[in-house]
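To start, the structure itself, in structure tokens.
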Amino acid sequence: MANSAHDVIILGGGLTGLTLAVALAGAGVEVALVEADDYRRLLSAPYDGRVMAVARASRHLLDAIGAFAGMAAEAEPIRDILVEEGGMPVRVDYESAALDGAPLGWIVETRVIRRALHERLRSLAGLRLCAPARVVEIRRGDGRVTVTLGDGSELRASLLAVCDGRHSRTRERLGIGARVWDYGQTGIVCTLRHEHPHRGVAVERFFPDGPFAVLPMRGRRSSIVWALERARAETVAALAAEDFLAEVADRFGDRLGAVTLEGPRWTYPLVLVWAERYACRRTVLVGDTAHGIHPIAGQGWNLALRDVAALAEIVVERLRVGLDPGAADALSRYEAWRRFDALALVAITDGINRLFANDSGPLRLLRNLGLFAVQHAPPLKRFFMRHAMGLVGELPALMRGGRLPALVP
Ligand SMILES: Cc1cc2nc3c(=O)[nH]c(=O)nc-3n(C[C@H](O)[C@H](O)[C@H](O)COP(=O)(O)OP(=O)(O)OC[C@H]3O[C@@H](n4cnc5c(N)ncnc54)[C@H](O)[C@@H]3O)c2cc1C
């Protein structure tokens, strides 16, 4: 049991909390990271079927904090993205060659990202890792926040960053409300091994009963992320392997040749979570704790990384000139910066899901006209590509390929 003082306490060491800890500690900020789970268990867990589409701007951040090197060997570049409406001849192909030829993003297994971040974290000084640990009390006031852990130890800091996920208990405990909207859909996730190479092409096919994505993985493997109405998803996910693969073929044809399933199928109920505030009294919400979005465009963690980059920039800027990183004006800047960007993405992902879920004739026509227009208007297409790469909007320096200035002790 040891008490300690820090600049920032991070609650929740999932991919968002880990990245924030690495970014801050790497710049010389004194950080305490509290995670409920046991990293020995998390790091030795088998493949859980989850992969992340890491956008190009997110790669900038991961490079800047020294974490991408640890996952590079297992990251599969996305060369092209193909967007199609199932059963229709129109499509949009976003080809990296039409921009600068560099990958639009990378597909990386979630457990590989966690391992790389954790390794980087262990190499950094100025960081106290409390895991597994239970929070029993949070007190805010007197210019600081105090967190008491289950073993009786106390952590003190100027700022608390809450990263404990979309069903955050801490958000609730601090009295910050959140709107939760159940999509009534479940995401099925699994891995396919296939005969033909995928050539780095990610495919998103839209059907009235839900979107179906095929993401290129290392080797002749691809990850399926398939959203369906909940009851149907549970039925489809429980089918015998060959019946399940027949359903997959129904959606995707035989463009990958003969396919087999690798590992189990996983299901994730899809809900939208929108916190009423992102900041209050020495506290900020980061990542899924602030906004849990539909996985339709693979942007949830990419959005979280923009929170991380913005918060790290604000904290380091203030500490460099001797200002309090948890003061009200720092919190307001974070909230104003991040809320607009997140709201835009919530609206886009929600809007796409609704637009394609409707099978009415006029809407189908509208969708097809839209896809046709994007396909044949290169500037519009380039804009959407830059959007998918996370390169649009008021980006923090870390997302633009910049670095954080190190704090001088
Ligand atoms: C099917 C699916 C596919 C997706 N694909 C993509 C994709 O391709 N690209 C992308 O960018 N995003 C994707 N996402 C979104 C992405 O998974 C999330 O945005 C991301 O995992 C959020 O990470 P997080 O660390 O914010 O939250 P979480 O992953 O929920 O982590 C929260 C952490 O906090 C810990 N914790 C909880 N309570 C406490 C407590 N009281 N004290 C301490 N610790 C606590 C938990 O143990 C956990 O480690 C996808 C999501 C789904 C469902």
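Other residues with beta-carbon under 15 Å from the beta-carbon of Ala249 carry, at +1 per Lys or Arg and -1 per Asp or Glu, a net charge of -2. In this structure, Arg281 and Phe383 have a Cβ-Cβ separation that, at R0 = 41 Å, corresponds to a calculated FRET efficiency of about 0.60. The string of couplings for segment 285-299 from the Karplus curve (6.51, -1.76, 1.60, θ = phi - 60°) is 9, 10, x, 4, 4, 8, 7, x, 10, 5, x, 3, 10, x, 10 Hz, one whole number per residue in order, with x for Gly and Pro. For segment 258-345, the set of GluC sites (Glu not before Pro) satisfying both a DSSP loop assignment and a count of at most 14 other C-beta atoms within 10 Å is given as Glu276.
Kirkwood-type hydrodynamic radius, segment 334-409: 15.4 Å, calculated from all non-identical alpha-carbon pairs. Amide hydrogen proximity for Arg128: with H placed 1.01 Å from N in the peptide plane, the residues at 5 or more positions away or on another chain lying under 5 Å are Val31, Ala32, Leu33. With helices as the sole contributors, the chain gives -11000 deg cm²/dmol at 222 nm; each DSSP H run of n ≥ 4 counts as -39500 (n - 2.57), and the sum is divided by every residue. Principal-axis analysis of the Cα atoms of the chain puts helix 378-388 at an angle of about 50° to the longest axis.
Modelled this way, with points 7 Å down the Cα-to-C-beta line, the labels at Ala240 and Val90 are 4.1 nm from one another.
Amide H contacts of Ile78 (H built 1.01 Å from N, in plane; Pro and chain starts excluded): Leu104, Gly105, Trp106, Ile107 sit under 5 Å, all sequence-distant by 5 or more or on other chains.
Taking a Cβ cut-off of under 15 Å around Cys130, the surrounding Lys, Arg, Asp and Glu residues balance to a net charge of -3, with basic ones at +1 and acidic ones at -1.
Neighbour counting of Cβ atoms within 10 Å sorts the residues His387, His294, His167, fewest neighbours leading, into His167, His387, His294.
Label separation (Arg320 vs Ala406): 1.4 nm, computed from points 7 Å beyond Cα along the C-beta direction.
P(r) tail for segment 275-409: Cα pairs beyond 24 Å make up 42% of the total. Sorted ascending by nearby beta carbons within 10 Å, beginning with the fewest, Cys130, Cys280 become Cys280, Cys130.
Relative to the dominant Cα principal axis of the chain, helix 241-252 is inclined by about 80°. About the centre of its Cα atoms, the chain shows a dipole size close to 700 debye [charges on the beta carbon of Lys, Arg (+1) and Asp, Glu (-1) only; nearest 20 debye].
Legend: calculated FRET efficiency, Glu229 to Ala5, from the Cβ-Cβ distance at R0 = 30 Å, rounded to 0.05, equals 0.05. Computed over all pairs of different Cα atoms, the Kirkwood value for the hydrodynamic radius of segment 183-270 is 13.0 Å. Across segment 104-117, rounded Karplus estimates of 3J(HN,Hα) from the backbone phi angles (6.51 cos²θ - 1.76 cosθ + 1.60, θ = phi - 60°) give 6, x, 9, 9, 9, 5, 4, 5, 5, 5, 4, 4, 5, 5 Hz, Gly and Pro being marked x. The alpha-carbon positions of segment 45-202 define a convex hull whose volume is 207 Å³ per residue.
Using the Cβ of Ser223 as centre and a radius below 12 Å, the other residues enclosed give a net charge of +1, where K and R count +1 and D and E count -1. Summarising the amide proton neighbourhood of Arg50: residues at separation of 5 or more, or on other chains, whose placed amide H is nearer than 5 Å comprise Thr110. The ranking of Phe206, Phe383 by Cβ neighbour count inside 10 Å, starting from the fewest, reads Phe383, Phe206. DSSP loop GluC sites (Glu not before Pro) in segment 185-242 with at most 12 other Cβ atoms within 10 Å of their Cβ, which ones? Taking segment 185-242 and a limit of 12 other Cβ atoms within 10 Å, the loop GluC sites (Glu not before Pro) found are Glu195. For segment 150-158, putting each phi into the Karplus relation 6.51 cos²θ - 1.76 cosθ + 1.60 with θ = phi - 60° gives couplings of x, 8, x, 6, 10, 10, 10, 7, 7 Hz, in residue order, rounded to whole numbers and with x for Gly and Pro.
Size of the chain: Rg and Dmax of its alpha carbons, in Å, are 21.5, 66. Between 0 and 90 degrees, rounded to the nearest ten: what's the tilt of helix 361-375 against the longest Cα principal axis of the chain? For helix 361-375, the angle is close to 70 degrees.
Read-outs throughout are calculated quantities, based only on the coordinates presented, and are distinct from any laboratory measurement. All values reported here derive from a predicted model rather than from experimental measurement. Please note: Cβ atoms are built from the backbone with ideal geometry, for glycine as well, and neighbour counts cover all protein chains shown.
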